[in-house]
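The structure appears right after this line, and notes come after that.
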Amino acid sequence: MIKKILILSTFWLLSTLAGASEADSLAYMKGIQSDPAALQAAIEAGRQRASLCRYCHGETGSSERDYIPNLAGQDATYLVHQLEQFISGARKQSVMEGLAKNITMEDRVNLVLFYSSNKPVRRFDIQGDIAQGRVGFEGYCMACHGPAGKGQGNAPRLASQPQTYLKQTLSNLKLHSDDRTVQEMEPILNAIDAKMIVDISAYLAAID
């Protein structure tokens, strides 16, 4: 018990440092996840801190706007990675860059644990051929994003995301029309057309 307290105290000190790395964030998060009491405290702290994010991402992480992603139920490791990407400038979005850079590592991890503990709520209409979208997902996306589209590691959860967000993100990546690149996606995006993007996004938006 004393050893665990010392480990968590060390990570808490790291969390106040602006130069804390993604590895530090992940190690800190794993330390919290190993202690049920610390995990519940972190989730509650994240819930309170989420007031910064509710306008766009909803009360518990289910998006209020169809072009903004759900954070609820998202893979925790993926969320940590994305926040670190905003901090480093590898991923561009002015609001998120400013937010991620101006909260401590402890706050970032608390937010991640809060959002990953919630279940996403579907709020938007779905258009497209869901059956064909399932075929496309299983052929092109399942190996990385998992059989149910729930993500694993740095591959995000896609299930239950707003369809508009999925379509815009895939289309932008395919056309290189924003500042974000995902090299692992390049061969996939080269192999699918606009209709397949609509159908895959419809299927993913429809599943839990």
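Some points to look at:
- Relative frequency of Cα-Cα separations exceeding 31 Å in the chain, percent: 21 percent
- For segment 130-206, size of Cβ-based charge dipole, Lys and Arg +1, Asp and Glu -1, in debye: 240 debye
- Radius 10 Å from Cβ of residue 45, net charge of other residues (Lys, Arg +1; Asp, Glu -1): -1
- The chain: angle of helix 22-33 to the longest principal axis, Cα-based, in degrees nearest 10: 70 degrees
- For the chain, the longest principal axis of the alpha carbon atoms and the long axis of helix 105-116 meet at an angle near 50°.
- Using alpha-carbon coordinates, inclination of helix 36-49 to the longest axis of the chain, degrees: 70 degrees
- Whole-Hz Karplus values for segment 186-195 come out as 3, x, 5, 5, 5, 8, 10, 9, 4, 5 Hz, taken residue by residue from phi with 6.51 cos²θ - 1.76 cosθ + 1.60 and θ = phi - 60°; glycine and proline positions read x.
- Taken one residue at a time, the phi angles of segment 74-89 give Karplus couplings (6.51, -1.76, 1.60, θ = phi - 60°) of 6, 4, 5, 4, 4, 4, 4, 4, 5, 4, 5, 5, 5, 5, 6, x Hz. Gly and Pro are set to x.
- Surrounding net charge for residue 64, when Lys and Arg each add one and Asp and Glu each subtract one, Cβ distance under 14 Å: +2
- In order along segment 121-126, the phi-based Karplus estimate (6.51 cos²θ - 1.76 cosθ + 1.60, θ = phi - 60°) of 3J(HN,Hα) comes to 10, 7, 10, 10, 5, 10 Hz; Gly and Pro are listed as x.
- Cα centroids of segment 151-185 and segment 19-65: 22 Å apart.
- Pairwise Cα distances in segment 130-206 exceed 22 Å in 11 percent of cases.
- Under the combined filter of DSSP loop state and at most 14 neighbouring Cβ atoms within 10 Å, segment 117-146 retains these trypsin sites (Lys or Arg not before Pro): 123.
- Summed residue charge, Cβ within 9 Å of residue 155's Cβ, Lys/Arg positive, Asp/Glu negative: -1
FYI, it's all coordinate maths here, none of it is from the lab. Worth saying up front: this structure is predicted, and the values here are computed from it rather than measured. Cβ: placed from backbone, ideal geometry, glycine included. Neighbour counts: every protein chain shown.
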